[in-house]
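Report on one structure; see the data block that follows.
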Amino acid sequence: MEKCASAKHVAVIESCSLTEIGLKTLLSRPGGGDYQLHVFRDCEDWFAEQGSSRYDAVIYSVGENRLSRQACVRFLAQLSKVQPTAIRGLLAADEKQGRLIDHLSPVSLHGVLYKTTALAKLQAQIVALLKLCGLPQTSSVVPNAGDWRVDLSPTEKIILDYIGKGMSIAQIASQMARNAETIRTHKCNVMTKLGASSDTDLLYAADILRYLPFLPDSRV
């Protein structure tokens with residue numbers, strides 16, 4: 001990768017060509033700043049190339065399907081280890097998805113953006129995020145306060161695992177030899193701790209957390 005001394009180099013993981021074109025257009029507009037965009041179709045492409053390149057910022061554009069959500073959180077954890085000084089940004093499908101991933105991310109994010117934001121506002125937000133490049137950071141790699149290994153009790157982890165497998169409150173109560181009201185209370189506590197506002201959010205959270213490679217099996 002050729003480097004321009006004055007330009008900031010921004011890596012974007014984005015599988016959608018239309019979103020790629022949109023980002024390039026936003027950064028090429030007046031006020032977009034002096035940035036060189038490097039687009040990768042997936043995490044594997046980025047990791048294959050990053051050994052010889054350093055980026056000022058890395059933005060992960062997450063899709064709406066489960067595999068994209070899982071890959072996003074795994075990528076953020078790995079990114080913080082291999083390029084800890086890079087600004088970490090998330091481009092989420094919508095605000096609900098962005099809030100959930102931000103809460104579940106194993107490391108803190110410098111910015112969360114939404115594809116549903118009006119273009120002029122989105123451009124301003126991207127530029128504001130990229131202006132952090134090169135500035136001293138209080139801590140480049142900060143464990144996220146939403147890390148479930150800290151927040152959830154052993155019982156809550158087990159219940160979340162069962163919920164992620166599609167089990168009902170009654171089925172979980174039977175499996176754990178508890179009454180349904182106790183399980184329901186634990187479920188509400190889990191939703192509060194994970195920032196999930198609906199059963200769908202909770203399923204997304206369980207799905208993401210189960211596939212993080214560094215999380216212990218909740219059944220142990």
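The values are calculated or read from the model by the stated rules, or taken from the named source; none is laboratory data. Predicted model, so just to flag it, every value in this text is computed and none were measured. Neighbour counts are summed over all protein chains in view; Cβ atoms, including those assigned to glycine, are modelled from backbone coordinates with ideal geometry.
Below is a table of values for the structure above.
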{"item": "The range 148-199, residues that are at pLDDT below 85, surrounded by fewer than 19 Cβ atoms within 10 Å (Cβ to Cβ) and either assigned to a helix (DSSP H, G or I) or in the same structural domain as residue 102 (by TED's automatic domain parsing) (or both)", "result": "149, 150, 151, 193"}
{"item": "Some residue of the range 66-87 being aromatic (Phe, Trp, Tyr), at pLDDT 90 or above and surrounded by 13 or more Cβ atoms within 10 Å (Cβ to Cβ)", "result": "no"}
{"item": "Count of residues meeting criterion [within 16 Å of residue 112 (Cα to Cα) and not in a helix (DSSP H, G or I)] in the range 75-87", "result": "2"}
{"item": "Scan of the range 121-135 for residues that are of a type in the set (S, T, N, Q) and modelled with pLDDT of 90 or more, ordered by number", "result": "125"}
{"item": "Residue ID - farthest from the chain's Cα centre (by Cα), chosen from residues in the range 110-124 that are surrounded by 18 or more Cβ atoms within 10 Å (Cβ to Cβ) and assigned to a helix (DSSP H, G or I)", "result": "123"}
{"item": "Matching option when the condition is at pLDDT below 80 and assigned by TED's automatic domain parsing to the domain that holds residue 99, among 41, 29, 54", "result": "29"}
{"item": "Breaking point among (1) modelled with pLDDT under 90; (2) touching an Asp or Glu at 6+ places or on another chain (Cβ under 6 Å), for residue 112", "result": "(1)"}
{"item": "Residue 138 vs. criteria modelled with pLDDT of 90 or more and among the hydroxyl-bearing types (Ser, Thr, Tyr)", "result": "no"}
{"item": "Subset of the range 49-74 (residues that are within 20 Å of residue 17 (Cα to Cα) and either among the aromatic types (Phe, Trp, Tyr) or part of a helix (DSSP H, G or I) (or both))", "result": "49, 60, 66, 67, 68, 69, 71, 72"}
{"item": "Among (1) acidic (Asp, Glu); (2) surrounded by 19 or more Cβ atoms within 10 Å (Cβ to Cβ); (3) under 27 Å from residue 190 (Cβ atoms), the one test that residue 95 misses", "result": "(2)"}
